[in-house]
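Take a look at the structure below.
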Amino acid sequence: MKHLLKLLDLSKEEIIGILNLADQLKYENKNGIEHKLLKGKTLGMIFQKSSTRTRVSFETGMYQLGGQALFLSNRDLQIGRGEPVQDTARVLSRYIDGIMIRTFEQKEVEDLAQYGSIPVINGLTDFCHPCQVLADLMTIREHKGRLEGLKLTYIGDGNNMANSLIVGGLKVGMTVAIACPDDYQPDPVVLEFAKEYGDKFIMTSDIQAAAKDADVLYTDVWTSMGEEAESEKRKKAFAGYQINDAVMAAAKSDAMVQHCLPAHREEEITAKVFEAHADEIFDEAENRLHAQKAVMVKVMGE
Ligand code: CP
Ligand code: NVA
């Protein structure tokens, strides 16, 4: 595996391989076993959007693997003043061993990988969030003991999280149900991919139907980063697209809840449901660390 640009590029075996390594690294981490698998290596982390989890987990993860991470903010890099990404890619390739980038357009991430000669990891674009979904799958497998055959239901905006959950969930053998408002559907490329999976993919605006017998319920903010100007319009469009007691009642009695965070209580999820499932949600946040360490070892290791 050279890069992690989007889950569409990975095989089922590659995804499971990352999850297995992540489990091992988590076990070692919890038991004080050092694993300096990226000793002496440097990861550059380009951030064009805010972050708590992605920044801290990549930086800490790189340190635990024996390397170092450089936080490269859009405000300080020449990229923020218009230096082309093609040039940034070629320059960084001369200094460091890998790049993690969080930005708006997927094309920017793909261009970095094309023009540079070092591994590139997508830390979120408007199109997808592969690192998050690897941590989600790791958490679901930890709690449920398997992935194959489970029903994952996502309620909310059909953007980055929905796109990656559809691809990741279907590839590992889950049934994926998506409930989005009509004007906020997943990307056409992802819908085309999902067609191959027949009735394992369910797309509806009926929240109760989507949640029926779900093993995992997932949601994300109504207004993503970069869309703040539309926030009032979105509050109206997404009203009701919420994980609440009624949605939980439609799911299996032992259904778990996942949220990539940050969460907006009483918008996409009620405070009551959030707190009742806080352990699962914060396990998920923790697993960003372990899953990303596995990704870094896969793409930046020998
Ligand atoms: N879930 C996630 O990516 O969190 P951050 O935006 O805090 O990195
Ligand atoms: N959909 C959210 C995810 C944040 C991790 C956003 O893009 O802001």
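Computed quantities for the displayed model
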| quantity | calculated |
| --- | --- |
| Filtered residue count, region 100-132, keeping only those that are touching a Cys at 6+ places or on another chain (Cβ under 9 Å) and within 13 Å of ligand 2 (Cβ to nearest atom) | 6 |
| Per-region count, region 51-79, residues more than 16 Å from ligand 1 (Cβ to nearest atom) and out of contact with any Ser or Thr (no Cβ under 8 Å at 6 or more places or on another chain) | 6 |
| Residue check for G44: outside any helix (DSSP H, G or I), of a type outside the set (D, E, K, R) and on the phi < 0 side of the Ramachandran plot | yes |
| Matching option when the condition is in a strand (DSSP E or B) and crowded, with 17+ Cβ neighbours inside 10 Å, among L21, L38, L72, L25 | L72 |
| Identity of the residue in region 260-299, within 15 Å of the chain's Cα centre (by Cα), outside any helix (DSSP H, G or I) and among the hydrophobic types (A, V, I, L, M, F, W, C), that ends up farthest from H3 (Cα to Cα) | A263 |
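Quick note: the coordinates plus some simple rules give every number you see, no bench work behind them. Source: prediction; values computed, not measured. Here the Cβ is made from the backbone with ideal geometry for all residues, glycine too, and neighbour counts use every protein chain on show.
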